[in-house]
Amino acid sequence: MRSFRRAWRMTAVMLVVALVFFVGRMLWANGLFSSVQTGFSGSCRVLSDVPGVTDIEVAGGMAFVAVGNARGPRGADGIYALPLNGTGRLTKLSGTPKDFHPRGLGLYRSPDGSGIFLLAVNRRSTGRFSIDSFEVTNPAAAPALVSLGTIGSGLLTDPQDVAAAGAGNFYVSNGLAMPAFLRRLADWGAVPGSSILHFNGMMFRTVAEDVYGARGLLLSRDGNQLLVASLTTRSLQSFGREMMTGNLTEGGSLTLDIAPEKLSLDSRGEVWVAGHANLFQWRDFLTDPDHRPPSQVFRVSLASGVPQLAQFVYGNAGGDIAAASVAASGGKRLLIGSSFDSKLLDCSQQ
């Protein structure tokens, strides 16, 4: 009897320790203990009022801005272009479908560098998802979009972002379909709730499973590494990529001071990432637009495509822009957007 009681007490202690660790990890993942850095070595202005900015890609002196609002579809949603040289205006591009509300954007350049192609995660007003592809015509002077097709699949249950590896070859970060209570646990970082899909030109297949909170995707310049922004592990995860098959092998990771969303690559091969110090405040902002959480932007250096060091670049307490989810650098200009806030910031870096 005594041995039974001793075993029961040991089991109870182990369960309590496991529960404390489990709850502590969730609180850490959601940023309860996080602090917010503020400041910027430069100046910023509100470039445009838009429903929200979900992603930004830069190529050939032009920024392509995916406009949409995470709270629901708007008439102004679409892909916009902004010249990074001079004082050009943010202009909505023609050529997208009527029911088009992008939440992620990927860019691919032809091998000779002359052609620019965009892929977009489209969440239609019906709630269905697709990956829409476009060619950008006359990108330097008067860019417009020519639709190249729409790809749908039952595997696209909650796609977040797309990374283009070539013509008809791309990766998608995808939230899994699961019961409501498991979805809640995944949203809080208690269980993995995402996967990475690969489309090889003919079909989708899962190439990475059990990913926590997969959001932004980015291919390294040589295409050998796929970077994944993990919202609920507050990290960038790298995966080695097999060129021929598209298969992924889990590699190194870098823990950040923020829960990252979208990723962008600059001309020097460095990664720009925006995200949230506190996910409790971020979720509050979804339901209460007056509750404005802070914004932070970091620049991450890579070594052989693997993230090494994150350097703080920009931060504000929520007044300039709240809950920034994407940042992209073009020369000395830094564009910062938020899928919840109706602003696009144009910053000049010193």
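What to note about this one:
- Boolean, Thr249 is polar (S, T, N, Q), touching an Asp or Glu at 6+ places or on another chain (Cβ under 9 Å) and surrounded by 24 or more Cβ atoms within 10 Å (Cβ to Cβ): no
- The listed residue being aliphatic (A, V, I, L, M) and either over 19 Å from Glu270 (Cα atoms) or touching a helix residue (DSSP H, G or I) at 6+ places or on another chain (Cβ under 6 Å) (or both), out of Val228, Val191: Val191
- Just so you know, in segment 45-57 the residues that are part of a strand (DSSP E or B) and at pLDDT below 95 include one that is surrounded by the fewest Cβ atoms within 10 Å (Cβ to Cβ), and it is Arg45.
- Cβ-Cβ under 6 Å pairs, at least 6 apart or on other chains, segment 265-290 side at positive phi, far side surrounded by fewer than 20 Cβ atoms within 10 Å (Cβ to Cβ) and modelled with pLDDT under 95: Gly269/Arg221
- Note on segment 68-108: among residues that are outside any strand (DSSP E or B) and of a type in the set (Val, Ile, Thr), the one that is surrounded by the fewest Cβ atoms within 10 Å (Cβ to Cβ) is Thr87.
- Number of the exception - Phe312 against (1) in a strand (DSSP E or B); (2) within 24 Å of Leu105 (Cβ to Cβ); (3) in contact with a Phe, Trp or Tyr (Cβ under 7 Å, 6 or more places away or on another chain): (2)
- Scanning segment 73-85 turns up one or more residues that are under 17 Å from the mean Cα position of the chain (by Cα) and of a type in the set (A, V, I, L, M, F, W, C).
- Candidate set from segment 324-342 (those that are part of a loop (DSSP other than H, G, I, E, B) and within 19 Å of Pro73 (Cβ to Cβ)); member that is nearest to the chain's Cα centre (by Cα): Ser325
- Of the residues making up segment 329-339, those that are surrounded by fewer than 23 Cβ atoms within 10 Å (Cβ to Cβ) and in contact with a Gly (Cβ under 9 Å, 6 or more places away or on another chain) are Gly330, Gly331, Lys332.
- Residue satisfying all of: in segment 119-151; more than 20 Å from the chain's Cα centre (by Cα), free of Cβ contacts under 8 Å to residues at least 40 places away in the same chain and in a loop (DSSP other than H, G, I, E, B); nearest to Ser195 (Cα to Cα) among these: Thr126
- The residue that is nearest to Thr87 (Cα to Cα), counting only those in segment 120-151 that are crowded, with 18+ Cβ neighbours inside 10 Å and of a type in the set (Gly, Ala, Ser), is Ala120.
- Restricting segment 255-266 to residues that are surrounded by fewer than 20 Cβ atoms within 10 Å (Cβ to Cβ) and touching a Ser or Thr at 6+ places or on another chain (Cβ under 6 Å) leaves a set whose member that is farthest from Ala214 (Cα to Cα) is Asp266.
This table checks each residue for (1) at pLDDT 95 or above; (2) within 25 Å of Leu182 (Cβ to Cβ); (3) of a type in the set (A, V, I, L, M); (4) assigned to a strand (DSSP E or B).
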position: Arg205; (1), (2), (3), (4): yes, yes, no, yes
position: Leu217; (1), (2), (3), (4): yes, yes, yes, yes
position: Val228; (1), (2), (3), (4): yes, yes, yes, yes
position: Ser238; (1), (2), (3), (4): yes, no, no, yes
position: Met244; (1), (2), (3), (4): no, no, yes, no
position: Leu254; (1), (2), (3), (4): yes, no, yes, yes
position: Pro260; (1), (2), (3), (4): yes, yes, no, yes
position: Gly269; (1), (2), (3), (4): no, no, no, no
position: Leu286; (1), (2), (3), (4): no, yes, yes, no
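- Residue that is nearest to Glu242 (Cα to Cα), among those in segment 152-188 that are in a loop (DSSP other than H, G, I, E, B) and hydrophobic (A, V, I, L, M, F, W, C): Ala167
- Among the residues of segment 67-101, those identified as closer than 20 Å to Ser267 by Cβ and touching a residue at least 12 places away in the same chain (Cβ under 8 Å) are Ala81, Leu82, Pro83, Leu84, Asn85.
- Output for segment 152-172, where each listed residue is surrounded by fewer than 22 Cβ atoms within 10 Å (Cβ to Cβ), in contact (Cβ under 8 Å) with a residue 60 or more places away in the chain and either more than 14 Å from Leu118 (Cα to Cα) or of a type in the set (A, V, I, L, M) (or both): Ala165
The values are calculated or read from the model by the stated rules, or taken from the named source; none is laboratory data. Keep in mind the model is a prediction, meaning the values are calculated, not measured. Note that we place each Cβ from the backbone using ideal geometry, even for glycine, and neighbour counts take in every protein chain shown.
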